[in-house]
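**Q** Have a look at the structure that comes next, please.
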Amino acid sequence: RWPSLLKYYSHTDGVSWLEEYKARHNAGLEAQRIVASFSKRFFSEHVPCDGFSDIETLGCPSHFFEDELMCILNMEGRKGLTWKYYAKKILYFLRQQNILKNLKEYLQRPTDRQSFLEGAVLIDQYCNPLSDICLKSVQAQVDDITDKVRKVLRTKNPRHPSLASKAGEVVVPEVELQRQVLDAMNCVLYEQLKYKGNELDYYNSLNSYIHQVLIRRTGIPISLSVLYLTIARQLGVKLEPVNFPSHFLLRWCQGKEGSTDIFDYTYIDAFGKGKQLTVKECEYLIGHHVTEEFYGVVTSKEVLQRMVGNLLNLGKRESTDQSYQLLRDSLDLYLAMYPDNVQHLMLQARLYFHLGIWPEKVLDILQHIQALDPSQHGAVGYLVQHTLEHIERRKEEVGPEVKHRSDEKHKEVCFSIGLIMKHKRYGYNCVIYGWDPACMMGHEWIRNMNVHSLPHGPHQPFYNVLVEDGSCRYAAQENLEYNSEPREIPHPDIGRYFSEFTGIHYLANTELEIRYPEDLELTRATVQKIYSSGKE
């Protein structure tokens, strides 16, 4: 019944299985209660930071609670979409909190106990908390590559010291023997396994996640360097990370160990198939001269800072993800390492303010910024004022606006909630989750979107639609048509609005139905009329 929970038990433990079953049963009921409450509590806004407070004080074992959430997520069929949506959000939060705790524990260790690979896995886990990523599995894959390198090394030098000991227990002192290890590594990684730098899709976030680097055998300089360095160290060659501008490198000492002379080192480009470079060639690589400080070794924390910085920059570039999840996750990671960094605290406050979420959290961040750097009072004051206004407006909200189709002002609205539509001009597939009898956007949006060029301009019904590419759009009625081949819309917010996909249309969940009480019957009648004439 519980194969995923076996890891929490020891074969030698005396377990009362009746008590365990009761605990699991009660945890399941508690999880179901909380998931069911989320739709009503948070339909109109993103789940706020204090929305998970009752989860943080669970009266049941957290692994049982998580197991029930996984059962909800793994429910078969196209039902329970709203439950799955909020179960996913809760599981995302729980796992991230746990990973953040592990990261802080990792950062408090002595530097010689901070594995570069473990740090990379923690970043990967935090940004992908619903994926099955663990250090043990990643390490096993790296060990497998290391064994392949040993086989190649054995054919070249059967008496090589790297073959005699277990991983991490050997140190290869002679430069020539170290060179043999690196040559064997290059042979396995780049010739046999075909690892390479991802030049064609450099700015894909998957290049930064170590488990994806191992699956796809491609990455960016820093992720490939972490892999390369880990394998080399397991074979007794101490490579060191170099925070070189624009292109992360490794260095290999050719002189006295610990030398401060940058010319005593050969520099390795893991992105460039393990090519070994001189100081001058490093400058050619990036096209300009750099000072000696950029050739120095960096700590594991600085390596993680650079990895997270890359993800931050990618998060700022994301155009389709309107929740800015990658930017939010990378900011969390950065501030876990550097909690008093004013620049990133301000970015986090502006991001939450822009998204209109967690106003109380925004005020906490701004208060912290003001205490750290009083010179920020201008920007802080502006955001505090507008955040307080947001909180007051939220208090004044009297409840959801209910739109009855029978109202005279809604007589021109032709389509209804849950219908799968196609955009006539852009060809995208979408589902309707809201509508207005006329365009409700401001003058600037209407001008930018060239709405006046439409035959009916802004004076026609407009629809809120979830699009298959993950975006949310506001489309004019004259630009939409029924989709002759309706199919599921793979949008992350589908469960926020709908409880089920029937195979032809979506059924609104309770909260959406309250706002559009007469739409369900119209949707059913429309579907019956369009799809029952033999096309179904």
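The values are calculated or read from the model by the stated rules, or taken from the named source; none is laboratory data. This structure is a prediction, so every number in the text was calculated from the model and none was measured. Glycine also receives a Cβ, built like all others from the backbone with ideal geometry; neighbour counts cover every protein chain displayed. To get the accessible areas, we keep the full protein, side chains included, count just its heavy atoms, and leave off ligands, DNA and RNA. Shrake-Rupley method; radii C 1.70, N 1.55, O 1.52, S 1.80 Å.
**Q** Give me the distance in nm between label points sitting 7 Å out from Cα along the Cα-to-Cβ direction at SER62 and GLN528, one decimal.
**A** 5.1 nm
**Q** State the percent of C-alpha pairs, over all pairs in the stretch 4-108, separated by a distance greater than 23 angstrom.
**A** Cα-Cα pairs of the stretch 4-108 separated by over 23 Å account for 35 percent.
**Q** Tell me the carbon and sulfur percent of the accessible area for the chain, rounded to whole percent, probe radius 1.4 Å.
**A** Answer for the chain is 50 percent, counting heavy atoms of protein chains only.
**Q** Would you mind computing, in nm to one decimal, how far apart the modelled labels at GLU283 and LYS238 are, each placed 7 Å from Cα along Cα→Cβ?
**A** Reported label-point gap for GLU283 and LYS238 is 2.9 nm.
**Q** Kindly rank 62-69, 171-178 from highest to lowest mean number of other beta carbons found within 10 Å of each residue.
**A** 62-69, 171-178
**Q** State in Å² the accessible area per residue of the stretch 353-397; use a 1.4 Å probe, count heavy atoms of protein chains only, and round to the nearest integer.
**A** Here the residues of the stretch 353-397 average 62 Å² of exposed surface.
**Q** Here's a follow-up. Largest first, what is the accessible-area ranking of GLU408, GLU481 with a 1.4 Å probe?
**A** GLU408, GLU481
**Q** Something else now. Per the Kirkwood formula on distinct C-alpha pairs, the Rh of the stretch 361-478 is how many angstrom?
**A** 17.6 Å
**Q** In percent, what relative contact order does the chain have, based on Cα pairs under 8 Å that are 6 or more apart in sequence?
**A** Rounded, it is 12 percent for the chain.
**Q** Please report the net charge: other residues with Cβ closer than 15 Å to the Cβ of TRP445, K and R +1, D and E -1.
**A** Computed value for this residue: 0.
**Q** Once every DSSP H run of n ≥ 4 in the chain is given -39500 (n - 2.57) and the sum is divided by its residues, what mean residue ellipticity at 222 nm do you get, rounded to the nearest 500 deg cm²/dmol?
**A** Helix contribution divided over all residues of the chain: -15000 deg cm²/dmol.
**Q** Over all alpha-carbon pairs of the chain, lay out the pair-distance distribution in 10 Å bins, whole %, shortest bin first.
**A** Once binned at 10 Å, the Cα pair distances of the chain give 3, 14, 21, 22, 19, 13, 6, 2, 0.
**Q** First select every other residue whose beta carbon is under 15 angstrom from the beta carbon of ASN207; then total the charges, Lys and Arg +1, Asp and Glu -1.
**A** +1
**Q** While we're here: Counting pairs of alpha carbon atoms under 8 Å apart in space and at least six apart in sequence, what relative contact order in percent does the stretch 4-108 give?
**A** Relative contact order comes out at 34 percent.
**Q** On full extension of the chain, what length is gained from SER4 through HIS452, given 0.36 nm per residue of separation minus the C-alpha to C-alpha distance?
**A** Using 0.36 nm per residue and subtracting the Cα-Cα distance, I get 155.6 nm.
**Q** Sum up the charges of everything whose Cβ sits under 14 Å from the Cβ of LYS104, counting Lys and Arg as +1 and Asp and Glu as -1, but leave LYS104 out.
**A** Value of the local net charge: 0.
**Q** Starting from the Cα of LYS151, step 7 Å toward the Cβ, then list every residue of the stretch 169-206 with an amide N under 12 Å from that point.
**A** 188, 192-193
**Q** Could I have the simple spin-label model distance between TYR203 and ASP493, label points 7 Å from Cα toward Cβ, reported in nm to one decimal?
**A** My value for the distance between the label points is 2.4 nm.
**Q** Between LEU107 and ARG405, take the C-beta separation as r, use R0 = 41 Å, and let me know the FRET efficiency to the nearest 0.05.
**A** So the FRET efficiency works out to roughly 0.10.
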